[in-house]
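Here is the structure we will look at.
Throughout, read-outs are computed from the coordinates displayed, never taken from laboratory work. Here the structure is a predicted model, which means the values were calculated and not measured. Reconstructed Cβ throughout: ideal geometry from the backbone, glycine too, with neighbour counts over all protein chains shown.
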Amino acid sequence: MKLFPLDPTSRTASNISTISRKIKINVVVQSGFFDGIAIISNGSPDDIVFSILSFHSDGKEIVGIVKPPRITRIAVLDIIKTYLQPRIKKMLILMDQEEDNLNDIFDECKRRLIKNNISITKEEGELRLKVYDCKYVDREFKIILVINGLDEINVKKHCIEDHLIKAACLFLKDFKPKVNDSKKAWEGLGKRQQIDILRMLKEREKEAHLIFSQHFKGLEYLEMG
Amino acid sequence: MINRIKIKNLKGIKKGELDLFPLTILLGSNNSGKTTILEALFLASNPFRKVPYFDKGKNLLAVEVLQLMHETLKAEGFAFLLHRYIAQEAEIDCNVNSENYILKFIKAFDKPYIYISSNRKIPKENIDIRGKGIVPSIGHLSLFNNELRAYFDLFLVDKSLLISPNLIKFGYNYLEKNWASIINMGVCRKVAEESSTLSNESYKDITIEPFLGGKLSIYAYLEDGTRIRLGDLGEGIQSYIITRILYEVEGPSIILWDDVESHFNPKILFKISNWFGDLLDEGKQIVLTTHSLEAARIIGEINEEKAGIYLINLDKNILKTKKITLEEIEEFREVGIDVRVADSMLL
């Protein structure tokens with residue numbers, strides 16, 4: 001899957017471009033038409049991870065990618081109507097679980113969609129993935145909600161770093177996170193080790209699928225015609 | 001005023017149409033058809049009219065200006081006007097006061113020419129083109145070299161002036177060659193004084209005089225009596241001065257400005273937008289292209305009632321357009337979308 005940054009001057013565009021060069025994943029495009037958007041609600045390193053996962057999602061489909069400035073997590077649901085242009089049929093929203101109960105997150109998502117006059121006609125999914133078939137006036141589209149977090153990582157706030165820490169445990173010898181906070185544990189690794197882990201995520205697709213299972217399933221929905 | 005333009009098989013645009021406003025701002029990616037729209041409007045007045053640009057020892061005709069802008073190595077001829085160089089006919093259709101002014105570029109099968117035809121009741125020469133019959137023509141262009149011939153000199157729609165960073169040097173040449181008549185028009189002092197607000201120097205007049213070594217050069221005269229060559233001023237101020245003089249000389253009803261932000265910092269853009277405001281008040285029409293949201297905002301805000309901003313792109317050579325307001329541009333920016341690059345999603 002190829003990523004089309006909706007603002008090439010944004011931090012997200014720059015992060016994706018930098019990681020693409022560093023670990024040689026050719027995922028960025030700046031032309032072409034697309035009907036799906038990935039909304040990275042928590043910024044970085046989510047955008048970096050998403051670009052590696054896109055690299056594994058084989059195929060030439062183009063997806064727009066954006067980090068809404070100044071808005072995070074569930075609040076992006078209040079602005080999705082602006083992304084809902086005639087071509088757009090699918091929106092993947094990637095967000096951190098943090099301390100919230102998953103059912104509370106999904107309930108809040110539904111509440112916000114209804115508040116914005118978006119009705120849900122069908123719902124499916126699993127633990128940290130929900131796919132809503134939605135309707136707004138006469139427009140039909142899918143919202144794919146992917147929640148970052150892993151139960152096996154024993155932290156208070158679940159986020160994308162849970163997955164990166166799992167990757168570090170798998171790829172680095174003798175790595176034992178010393179803090180009960182995956183963000184801090186990831187930051188504690190240092191830039192070089194972080195890049196090594198990201199590179200291994202690129203090279204070891206099978207492990208990447210195990211570590212980011214809800215993300216890959218979400219990507220499949222995003223790529224579906 | 002031209003209310004609407006339709007284009008068929010002209011340069012990169014296979015088909016497209018656009019409503020025009022007193023002030024039309026075209027935003028889009030590179031290669032999105034913006035310049036072709038300006039060029040179509042420029043040709044619409046009459047491809048064979050003389051325009052204030054000079055090169056290769058002569059005052060240029062409108063169609064020759066386009067030829068120069070697109071000159072690639074030593075290639076000659078006007079086939080570049082036809083879509084993919086092979087279209088049999090190209091068409092520019094301008095709607096003015098509910099009437100359509102159609103200009104056709106017809107490639108002959110049996111002659112190496114493109115014949116220009118118009119639907120207006122004007123003098124024309126009847127040309128017999130194999131497969132097309134008798135075509136009433138106002139002139140022809142060679143496909144393979146720079147030969148052209150105008151049978152009649154007239155205006156089909158309002159006269160327009162095309163301004164582009166690529167044309168400034170030909171504007172300079174025009175000023176040099178036509179200085180005697182320009183100086184008598186008394187426009188240089190006015191332009192010099194207006195340009196003073198753009199820099200920390202106070203210009204009093206613009207003249208042509210011999211430079212060191214005796215060759216002619218264009219100067220801005222400063223208040224203290226010293227002078228400075230125009231070429232030694234910043235590019236933005238040069239462009240502004242040349243454009244303003246060419247405008248005064250030509251007196252067009254329509255200004256077509258390609259890449260309006262080129263070389264200009266916001267101070268000059270602000271000055272230009274104020275000038276545009278005056279032109280709109282005088283009933284002139286302005287169509288411009290830009291890659292800069294800042295330029296679109298500064299210029300668009302000068303008279304929002306008369307302004308129309310378009311996002312444009314080409315999809316398989318078909319022109320796609322979306323009229324967009326400054327508020328919408330801001331709304332998209334707020335959610336992380338740059339309309340200049342996300343046109344493939346918005347159109």
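May I ask for the net charge around A:ARG192, where only other residues with Cβ less than 12 Å from the Cβ of A:ARG192 are counted and Lys, Arg are +1 while Asp, Glu are -1?
Details: positive: A:LYS22, A:LYS191, A:ARG199; negative: A:ASP196.
Neighbour charge sum, excluding A:ARG192 itself: +2.
Can you tell me the FRET efficiency between A:ARG111 and A:LYS178 if r is taken as the Cβ-Cβ distance and R0 is 56 Å, rounded to the nearest 0.05? Walk me through the intermediate numbers first.
Numbers: r = 39 Å, r/R0 = 0.69.
The computed FRET efficiency comes out at 0.90.
Are there GluC sites (Glu not before Pro) in the stretch A:131-186 that DSSP puts in a loop and that have at most 13 other Cβ atoms within 10 Å, and which ones? Please report the intermediate quantities before stating the final value.
Values: sites: A:GLU140, A:GLU152, A:GLU161; in loops: A:GLU152.
Loop-located and lightly packed - A:GLU152.
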Computed over the stretch B:167-251: relative contact order in percent, which uses C-alpha pairs under 8 Å that are six or more apart: 27
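Loop-only trypsin sites (Lys or Arg not before Pro) in the stretch B:58-98, please: DSSP not H, G, I, E or B, and at most 16 other Cβ atoms within 10 Å. Each step should come with its number before you reach the end.
Numbers: sites: B:LYS58, B:LYS74, B:ARG84; in loops: B:LYS74.
Hits after loop and neighbour filter: B:LYS74.
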Centroid-to-centroid separation of the stretch A:197-225 and the stretch B:203-217 [C-alpha atoms, Å]: 69
For q = 0.21 Å⁻¹, Debye-computed log10 I/I(0) when each Cα of the stretch A:14-100 counts as one equal scatterer: -1.09
The stretch A:135-140 - phi-based ³J(HN,Hα) in whole Hz, Karplus 6.51/-1.76/1.60, Gly and Pro as x: 9, 10, 6, 9, 9, 10
Fraction of beta bridges assigned by DSSP in chain B that are antiparallel (%, nearest 5): 75
Magnitude of the charge dipole, the stretch A:123-224, Cβ model with Lys/Arg +1 and Asp/Glu -1, debye to 20: 600
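Once the Cβ-Cβ distance between B:PHE155 and B:ASN178 is put in as r, and R0 is 25 Å, what FRET efficiency do you end up with, to the nearest 0.05?
On the way: r = 20 Å, r/R0 = 0.80.
Calculated transfer efficiency: 0.80.
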Assigned charges on the beta-carbon of Lys, Arg, Asp, Glu; chain B dipole about Cα centre (debye): 1520
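Quick check: residue separation of A:ASP78 and A:TYR136 times 0.36 nm, minus the Cα distance between them. What number comes out in nm? Don't skip to the answer; put the middle values down first.
Working: separation 58, 0.36 × 58 = 20.88 nm, distance 1.31 nm.
Difference between extended and current length: 19.6 nm.
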Helix axis angle, A:160-171 relative to chain A longest principal axis, alpha carbon, degrees: 40
B:ILE286 long-range amide H proximity, modeled H, under 5 Å: B:LEU23, B:THR24, B:ILE255
Euclidean distance of C-alpha centroids, the stretch B:94-113 and the stretch A:93-116, integer Å: 59
Taking the C-alpha atoms of the stretch A:14-163, convex hull volume expressed per residue in Å³: 123
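How large is the dipole of chain A about the Cα centre if only Lys and Arg carry +1 and Asp and Glu carry -1, each at its Cβ, rounded to the nearest 20 debye? Mind dumping the intermediate values first?
Working: 38 positive and 33 negative charges, 139 e Å.
Using only the charged Cβ atoms, the result is roughly 660 debye.
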Distance in nm between pseudo-label sites at B:VAL96 and B:ASP281 (7 Å out along the Cβ direction from Cα): 2.6
Partner chain coverage, peptide B:325-335 - average Cβ within 10 angstrom: 3
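How big is the Rg/Rh ratio for chain B, C-alpha atoms only, Rh by Kirkwood, two decimals? Don't skip to the answer; put the middle values down first.
Details: Rg = 20.9 Å, Rh = 21.3 Å.
That ratio is 0.98, to two decimals.
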Dimensionless Rg over Rh [the stretch A:108-168; C-alpha; Kirkwood]: 1.13
B:TYR53 long-range amide H proximity, modeled H, under 5 Å: B:LEU60
Coarse-grained scattering of the protein assembly as shown at q = 0.06, 0.08, 0.11 Å⁻¹, given as base-10 log I(q)/I(0) from a Debye sum over alpha-carbon atoms: -0.43, -0.70, -1.01
Using θ = phi - 60° and Karplus 6.51 cos²θ - 1.76 cosθ + 1.60, couplings along the stretch A:123-131 (whole Hz; Gly, Pro as x): 9, 8, x, 8, 3, 10, 9, 10, 10
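Calculate how many DSSP beta bridges within the protein assembly as shown are antiparallel, expressed in % of all such bridges and rounded to the nearest 5. All intermediate terms of the calculation are to be shown ahead of the outcome.
On the way: 74 of 114 bridges.
Approximately 65 percent, going by the DSSP bridge assignments.
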Mean-position separation - Cα centroids, the stretch B:293-315 and the stretch B:115-166, in angstrom: 32
Share of alpha-carbon pairs per 5 Å distance bin for the stretch B:227-268, given as whole %: 5, 20, 27, 24, 17, 6, 1
For a label point 7 Å along the Cα-to-beta-carbon line of B:GLU71, residues of the stretch B:153-178 with backbone N under 15 Å: B:166-174
Cβ-based charge dipole, the stretch B:1-110, positive-most Cα from B:SER32, B:ALA62, B:PRO22: B:SER32
Inter-label distance, nm, simple model (7 Å from Cα along the C-beta direction), A:LYS206/B:ASP128: 8.1
FRET efficiency for A:GLN30 and B:ASN317, using Cβ-Cβ distance with R0 set to 22 Å, rounded to 0.05: 0.70
Farthest positive-ward along the stretch B:167-251 dipole, Cα basis, beta-carbon charges - from B:TYR219, B:ILE242, B:SER181: B:SER181
Contact order relative to length of chain B, as percent, for alpha carbon pairs under 8 angstrom and 6 or more apart: 23
Whole-number D in µm² s⁻¹ for the stretch B:167-251, Kirkwood Cα-pair radius fed into Stokes-Einstein, 10 °C, 1.306 mPa s: 124
Trypsin sites (Lys or Arg not before Pro) within the stretch B:279-331, DSSP loop, no more than 12 other Cβ atoms inside 10 Å: B:LYS316
